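Only one structure is covered here, and it is reproduced in the block below.
Derivation of every value follows stated rules applied to the coordinates shown; laboratory data play no part. Predicted, not measured: the structure shown is a model, and the values here were computed from it. Using ideal geometry, Cβ is built from the backbone for each residue, glycine included, and neighbour counts are taken over all protein chains shown.
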Amino acid sequence: MANENNKYGATMVTGTAAAAAGATALANKKSPRQKKSEQLKKKEQQRVQARKAKTVSMRNQANATAAQNKLERLQNIKPSNLSDRNQKVRKALIQEQKSIIKGATKSTAKEIAKKVGLRSIPVVGAFLTAFESTPAYSRGGMSKKK
């Protein structure tokens, strides 16, 4: 009788193992709906990546164009008209704009000041408006009344 119980027990274990293997195989096999869903998800991820790449390239191009304009304006400021501190600031801002044109990320004003050895540095726009050679009335800010 003990021998029969062992025989049935072995059969049950074998049957259970076979059932588990079959369930695993069925779980790994995907239905057509699941395959289609995964394909759609994959295509959507590819579209998102392409859109991100395009956006980043356009943003980098716009930053480079703006940096080129700022660089030209900074180079038009004569260093002889500036104090020693402002000359250092001008050089630092010019270097920053050149690095942006090359493709580097923008640095903060504190990082630029640290490189030059200053405590603070104005934003490029503020510096340009303070030292730009064109008079205020010719920039179109104020017009004469007729």
query = Can you work out ³J(HN,Hα) from phi for every residue in the range 71-76, in order, using Karplus 6.51 cos²θ - 1.76 cosθ + 1.60 and θ = phi - 60°, giving whole Hz and x for Gly and Pro?
reply = 4, 4, 5, 5, 6, 6
query = Given the Cα-Cα distance of R33 and K102 and 0.36 nm per residue of separation, how much length would full extension add, in nm?
reply = 20.0 nm
note = Once both label points are put 7 Å beyond Cα along the C-beta direction, the L40-A66 separation in nm becomes 3.9 nm
